[in-house]
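Structure record follows, encoded as structure tokens.
The values are calculated or read from the model by the stated rules, or taken from the named source; none is laboratory data. Predicted, not measured: the structure shown is a model, and the values here were computed from it. Cβ: placed from backbone, ideal geometry, glycine included. Neighbour counts: every protein chain shown.
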Amino acid sequence: MPAELSTIDLKILELVQRRADLSTGEIAEAVGLSQSPCWRRIQRLKDEGYISKQVALVDREKLGESFFIYASLKMSRLTDKERAEFIRKVENIPEIMECYTLFGEMDIMIKVYATSMNWYQSFIFNVLMKLPGVEDIRSSVTIAELKYTTALPVR
């Protein structure tokens, strides 16, 4: 943890991760500051990149049946240009929620938002297998969500 973050900064980060809709006054009251110094701290945390964006989280159950699939991709050797194209394409596919490079047998792991197994089968052949360098895909389908959080432990 960076030394420049105070206990109050950490409390602010904890609060805004859980409730980004809190007013500056509510945050100030919760951390024991007056509103102006609290606002300045929040602005500093934004300016320094600790708070990168504020979003609304949508309850996916309200949108109907869905589940997540974690797909591991085996990749061929890519040129720098092909790698950049792969990344650009992945960034532009809204159903791919997350993407990571891996050490080990597989090279890439993606988290896919799926509405049915039929949809996912089509997605594999019409989207994933057409990405540059994809040679093999191994998928794990989630059954139940036991824990979900976007909040990072800051202390």
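For region 116-129, the criterion of being closer than 30 Å to Val16 by Cα and not charged (D, E, K, R) is satisfied by no residue at all.
Please verify whether Glu135 is assigned to a loop (DSSP other than H, G, I, E, B), acidic (Asp, Glu) and farther than 18 Å from Glu61 by Cβ, treating the condition exactly as stated. Steps first, please.
Values: assigned to a loop (DSSP other than H, G, I, E, B): no; acidic (Asp, Glu): yes; farther than 18 Å from Glu61 by Cβ: yes.
Criteria not met by Glu135.
Within region 137-155, the set of residues being under 22 Å from Ile87 (Cβ atoms) and either surrounded by fewer than 13 Cβ atoms within 10 Å (Cβ to Cβ) or free of Cβ contacts under 8 Å to residues at least 60 places away in the same chain (or both) comprises just one member, Arg138. All of Lys89, Lys74 fail the test of being modelled with pLDDT of 95 or more, among the charged types (D, E, K, R) and under 21 Å from the mean Cα position of the chain (by Cα), apart from Lys89.
Would a scan of region 64-74 turn up a residue that is without any contact (Cβ under 8 Å) to a residue 60 or more places away in the chain, in the same structural domain as Leu131 (by TED's automatic domain parsing), on the phi < 0 side of the Ramachandran plot and not basic (Lys, Arg)?
Yes - at least one qualifying residue is present in region 64-74.
Can you spot a residue in region 96-113 that is surrounded by 15 or more Cβ atoms within 10 Å (Cβ to Cβ) and either of a type in the set (Asp, Glu) or outside the structural domain of Gly133 (by TED's automatic domain parsing) (or both)? Yes.
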